[in-house]
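Engineer: Take a look at the following structure, please.
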Amino acid sequence: MTGAAPVRLGLRENAPQFSVLVAVTAFVGAMVGLERSTLPLIGRHDFGLASNAAVLSFIVAFGLSKALTNLGAGALAQRLGRRRLLVAGWAIALPVPLLVGVAPSWAWIVAANLLLGVNQGLTWSMTVVMKIDLVGPRRRGLALGLNEAAGYGGVAVAAATSGWLASTLAPRDVLVIAAAIIALAALGLSALFVRDTAGHVALEQASHDDDGSAPRLPAAFADASWRRPALRSCSQAGLVNNLNDALAWGLVPLFLAAHGASVGQVGAVAGTYPAVWGAGQIFTGHWSDRVGRKPLIVAGMLLQAAALGLLALSDGRFALAIVAAVMLGIGTALVYPTLIAAISDAVAPVARAPTIGVYRFWRDMGYAAGGLIAGTVADALSFGGAIAVVAGLTAASGLWLAFDLRGGEGHVEEDERAMGGERLLAGQTRT
């Protein structure tokens, strides 16, 4: 009788399961990407919303529910298991297209986005954490780059495709049908083919000197919010990153449309930004394993600020908007996987899920903050004024991180220690 296959850490050693999780992440991104080129326009045309703040209320609802779900998911992952939360996240997504399809008022769209936020919080949190669990410390940046590339590749394809289809079909019909197909396919894939990673966590944890107990949520929240500089600087940068992503999602389509852009052009800009972001993360995640996290994060935040500044001065011209979208995508690719890798570097494996949950709580609160700031400032000033304000906040965040995050903290030293433990443990599983 043969026993179960030994648990091993590494990207190559876990390639089949890692590949399944990459596919699931692509579906996670596609689910939210469908809205990027269609939902703001649906608010204007189908529901007659005149206020920018009212249109962007769906992003506020999405951000709040996703942020709170991230916080709970990180704490529950140790108790209930990653796979169970992943499957539950896709089950919660099933009513979303139905609510959008039959919505008699914008309040129904906001309610659908509350559920979508829960879906995104559970599914994306679990795919991120499970990939980190599988690969161990040596290829953490590469794993996160692949994860985020798949997710935002899904966002880009869905945003561009839905924008193209919405130029000839009813935007709401496109959103409803595509979302139903994605949710059903991803639920089946997760339920049938994903396996839990608790054994990988236990294997990596055995190489650490601490007692192996996960921190309680209040302690993890304090560490990642204000107590530890490496964690708090990443948390604020994540919040500001998603603040400007909320602007790109909700306000930029309205900004371009107000300057005469077609639905197809709006879709092209909405798709270019996450496409560059997604593809770039494969390189930037691996690069951060070699050169460290801080240089890439600081450079990325400042490049995002420059991109938003260009967009604010573009007067909605399509060519300049595409250039700004490419710059914004490159900047976000430098930041996005690297922030999570920096968080993971700084904590023990058993503390990974709750700490990443707190980081993702603050990061996705950026959607709520971005929806509120972008909508209210655009109503008070102009689209360009709102974009300029967010550009300034992004530059300030990059400077904060430059001073608050020490260059080598939580990266080279911990990885070298863990690599030795990983080699030892891998040898033990073969004896």
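Readers should treat all values here as calculations from the given coordinates under stated rules, not as data from a laboratory. The structure displayed is predicted, hence computed values, not measured ones. With ideal geometry, Cβ positions are generated from the backbone for all residues, glycine too; neighbour counts draw on all protein chains shown.
Engineer: What number, in percent, do you get for the relative contact order of the stretch 6-146 if the mean sequence gap of Cα pairs under 8 Å and at least 6 apart is divided by its residue count? List each step's numbers first, then the result.
Structural biologist: Values: 139 pairs, mean separation 52.5, N = 141.
37 percent.
Engineer: Quick check: Cα centre of the stretch 336-376 to Cα centre of the stretch 37-78, how many Å?
Structural biologist: After rounding, the separation between the Cα centres reads 17 Å.
Engineer: Give me the percent relative contact order of the chain, please, defined on Cα pairs under 8 angstrom at least 6 residues apart. Don't skip to the answer; put the middle values down first.
Structural biologist: Details: 834 pairs, mean separation 118.4, N = 431.
About 27 percent, as a whole number.
Engineer: What net charge do the residues around T332 carry, taking every other residue with its C-beta under 13 Å from that of T332, with Lys and Arg at +1 and Asp and Glu at -1?
Structural biologist: Working: positive: R363; negative: E148, D245.
That sum, taken over residues with Cβ under 13 Å, equals -1.
Engineer: So how tilted is helix 318-345 from the main axis of the chain? Cα-based, degrees 0 to 90, rounded to 10.
Structural biologist: 20 degrees
Engineer: Let me ask something else. Work out, in µm²/s and without decimals, the Stokes-Einstein translational diffusion coefficient of the stretch 44-189 at 37 °C, 0.692 mPa s, Rh from Kirkwood over C-alpha pairs.
Structural biologist: Result for D is 199 µm²/s.
Engineer: Multiply the residue gap between T376 and L217 by 0.36 nm, knock off their C-alpha separation, and tell me the result in nm, one decimal place.
Structural biologist: Numbers: separation 159, 0.36 × 159 = 57.24 nm, distance 3.32 nm.
Once the chain is fully extended between T376 and L217, it gains 53.9 nm.
Engineer: Then there's this: When you count, for each residue, the other Cβ atoms within 10 Å and take the mean per peptide, how do 337-350, 279-292, 189-202 rank with the highest first? Can you show the working numbers first?
Structural biologist: On the way: 337-350: 25.3, 279-292: 20.3, 189-202: 17.5.
In descending order of packing, they fall as 337-350, 279-292, 189-202.
Engineer: Spin-label point model (7 Å from Cα, Cβ direction): what's the A279 to R79 distance in nm?
Structural biologist: 4.4 nm
Engineer: Let me ask something else about it. In degrees, nearest 10, range 0 to 90: what is the angle between the Cα axis of helix 352-380 and the longest Cα principal axis of the chain?
Structural biologist: On a 0 to 90 degree scale, this one is about 10.
Engineer: Give the angle, between 0 and 90 degrees and rounded to the nearest 10, that separates the Cα long axis of helix 229-246 from the longest principal axis of the Cα atoms of the chain.
Structural biologist: 30 degrees
Engineer: When ranked by the protection proxy of mean other Cβ atoms within 10 Å per residue, highest first, what sequence do the peptides 22-33, 123-134 form?
Structural biologist: Working: 22-33: 25.6, 123-134: 27.7.
The densest-packed peptide leads the list: 123-134, 22-33.
Engineer: Right, next: Would you calculate, for the chain, the mean residue ellipticity at 222 nm contributed by helices, counting each DSSP H stretch of 4 or more residues as -39,500 (n - 2.57) and dividing by all residues, to the nearest 500?
Structural biologist: Values: 19 runs with 338 residues, N = 431.
Theoretical 222 nm ellipticity from helices: -26500 deg cm²/dmol.
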